[in-house]
Amino acid sequence: MKYSLRQLAIFLAVAHYENITRAAESLFMSQSAASSALKELEQQYGIQLFDRIGKRLQLNQLGRVLRPKVEALLSQAQALEGAFLQHQELGSLRVGATLTIGNYMAIGIMAAYMDEQAGSKVALDVANTATIVEKVENFELDIGLIEGELSHNELEIIPWRQDELIVFCHPDHPLARQAVLSDEDLLTIDWVVREPGSGTRQGFERAMTGLLPQLTIALELQHTEAIKRAVEANLGVGCLSGIALNDAMKRGSFVPLAVPHRQWLRHFYFILHPHKYRSEGVNRWISLCQDAH
């Protein structure tokens, strides 16, 4: 083989950062060494992998075709090295999770994973659905756990578990003692909801089909806890996963509001890049998630 794994790692770093200096820094090497290695890789095969646009190096069509193949090869090489060293049978993982999953479920799963294999590590990235999808697509994560419906031809989407959104309010809210809410009631509410791009917002909008243009969105917040604080301050009515509300409901901080004629059930999903090598660690992570309650 004419290429080296080091050259391939430099290729991926430059593809990610679109800048040779930042790519070199991420690999703890000099800019000149990284530039020379990339140039040598291209010259060995008489190809060009990037379009040079000022200081940016942007993947061209050939580079985009080869990137997933290089990513898969390096992932397998890393797994093989771990097997040779026999330090980490399961290995370290880069996991992305949306806010409800990341804040209320992933930590327990992470603890179980790391407890099974001494020395293994999990890097957890918590963000909204759109961000997690983008990072899986760009090979920045080994696996994503999302709470939004997704149609994506380039990613593998695996159903995980069912979840239910809950409409809730402060105990002193005028609707707190109403047995069932009608559509007319929903239109009178000041809503406190997640931002566009989040799975929870997607589920809320799907449940409110036909009413969306008429709803009053008083606040759009990026964090589950911020929504809970706003509802605690009686600034409006919220809509979040029941997983995020269990403890507060038990304390009596919130009152659930019944809206049975609307669809509040949704699913959580695993997302993976089909061209990225799926290690035994990823398989074990999925198994632990499926066993979690």
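The values are calculated or read from the model by the stated rules, or taken from the named source; none is laboratory data. This one's a predicted model, so the numbers in the text were calculated from it and none came from an experiment. Ideal geometry is used to build each Cβ from the backbone, glycine not excepted, and the neighbour counts take in all protein chains shown.
Among the residues of the stretch 207-222, what is the count of those that are more than 13 Å from Leu187 (Cα to Cα) and touching an Asp or Glu at 6+ places or on another chain (Cβ under 9 Å)?
Taking the stretch 207-222 as the starting set, the residues that turn out to be more than 13 Å from Leu187 (Cα to Cα) are 207, 219-222.
So of that shortlist, the ones also touching an Asp or Glu at 6+ places or on another chain (Cβ under 9 Å) come out as 219-222.
Selection size over the stretch 207-222: 4.
Is there a residue in the stretch 173-186 that is assigned to a strand (DSSP E or B), surrounded by 14 or more Cβ atoms within 10 Å (Cβ to Cβ) and not assigned by TED's automatic domain parsing to the domain that holds Glu134? I'd like the intermediate steps shown before the answer.
The initial filter retains those residues of the stretch 173-186 that are assigned to a strand (DSSP E or B), namely none.
Among the residues of the stretch 173-186, not one is assigned to a strand (DSSP E or B), surrounded by 14 or more Cβ atoms within 10 Å (Cβ to Cβ) and not assigned by TED's automatic domain parsing to the domain that holds Glu134, which makes the answer no.
Within the stretch 63-80, is there a residue that is over 23 Å from the mean Cα position of the chain (by Cα), farther than 30 Å from Leu221 by Cα, surrounded by fewer than 13 Cβ atoms within 10 Å (Cβ to Cβ) and outside the structural domain of Gln222 (by TED's automatic domain parsing)?
yes
Test of understanding: among Leu265, Leu240, Leu257, which residue is under 30 Å from Cys289 (Cα atoms), exposed (fewer than 13 other Cβ atoms within 10 Å of the Cβ), in contact (Cβ under 8 Å) with a residue 12 or more places away in the chain and in contact with a strand residue (DSSP E or B) (Cβ under 7 Å, 6 or more places away or on another chain)?
Working: Leu240 fails: exposed (fewer than 13 other Cβ atoms within 10 Å of the Cβ); Leu257 fails: exposed (fewer than 13 other Cβ atoms within 10 Å of the Cβ).
Matching residue, one of Leu265, Leu240, Leu257: Leu265.
Scan the stretch 147-163 residue by residue and report those that are surrounded by 10 or more Cβ atoms within 10 Å (Cβ to Cβ) and either among the charged types (D, E, K, R) or part of a strand (DSSP E or B) (or both). Outline the logic, then answer.
The initial filter retains those residues of the stretch 147-163 that are surrounded by 10 or more Cβ atoms within 10 Å (Cβ to Cβ), namely 147-150, 152, 154-158, 160-161, 163.
Those that are surrounded by 10 or more Cβ atoms within 10 Å (Cβ to Cβ) and either among the charged types (D, E, K, R) or part of a strand (DSSP E or B) (or both): Glu147, Glu149, Glu154, Glu156, Ile157, Ile158, Trp160, Arg161, Asp163.
Here is a yes/no grid of residues against (1) part of a helix (DSSP H, G or I); (2) under 20 Å from the mean Cα position of the chain (by Cα):
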site: Thr209; (1), (2): no, no
site: Ala218; (1), (2): no, no
site: Glu225; (1), (2): yes, yes
site: Ala230; (1), (2): yes, no
site: Lys250; (1), (2): yes, no
site: Gln263; (1), (2): no, no
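Filter the stretch 105-123 down to residues that are among the hydrophobic types (A, V, I, L, M, F, W, C) and in a helix (DSSP H, G or I) and give me whichever is surrounded by the most Cβ atoms within 10 Å (Cβ to Cβ). Even if it seems obvious, please write down each step before you answer.
The initial filter retains those residues of the stretch 105-123 that are among the hydrophobic types (A, V, I, L, M, F, W, C), namely 105-107, 109-112, 114, 118, 122-123.
Restricting the remaining residues to those that are in a helix (DSSP H, G or I) gives 106-107, 109-112, 114.
Details: Ala106: 23, Ile107: 13, Ile109: 21, Met110: 20, Ala111: 12, Ala112: 15, Met114: 16.
Only one residue fits best here, namely Ala106.
I need the full set of residues from the stretch 188-204 which are hydroxyl-bearing (Ser, Thr, Tyr), closer than 14 Å to Ile101 by Cβ and part of a helix (DSSP H, G or I), in order please. It would help to see each step written out before you state the result.
Quick first cut of the stretch 188-204, residues hydroxyl-bearing (Ser, Thr, Tyr) only: 188, 198, 200.
From what's left, closer than 14 Å to Ile101 by Cβ: 198, 200.
Correct list: Thr200 only.
Return the pair list, or none, for Cβ contacts closer than 7 Å from residues in the stretch 191-208 that are surrounded by fewer than 19 Cβ atoms within 10 Å (Cβ to Cβ) to residues that are part of a helix (DSSP H, G or I) and among the small types (Gly, Ala, Ser), at least 6 apart or on different chains.
Between residues of the stretch 191-208 that are surrounded by fewer than 19 Cβ atoms within 10 Å (Cβ to Cβ) and residues that are part of a helix (DSSP H, G or I) and among the small types (Gly, Ala, Ser), the close pairs are Gly197/Ala130.
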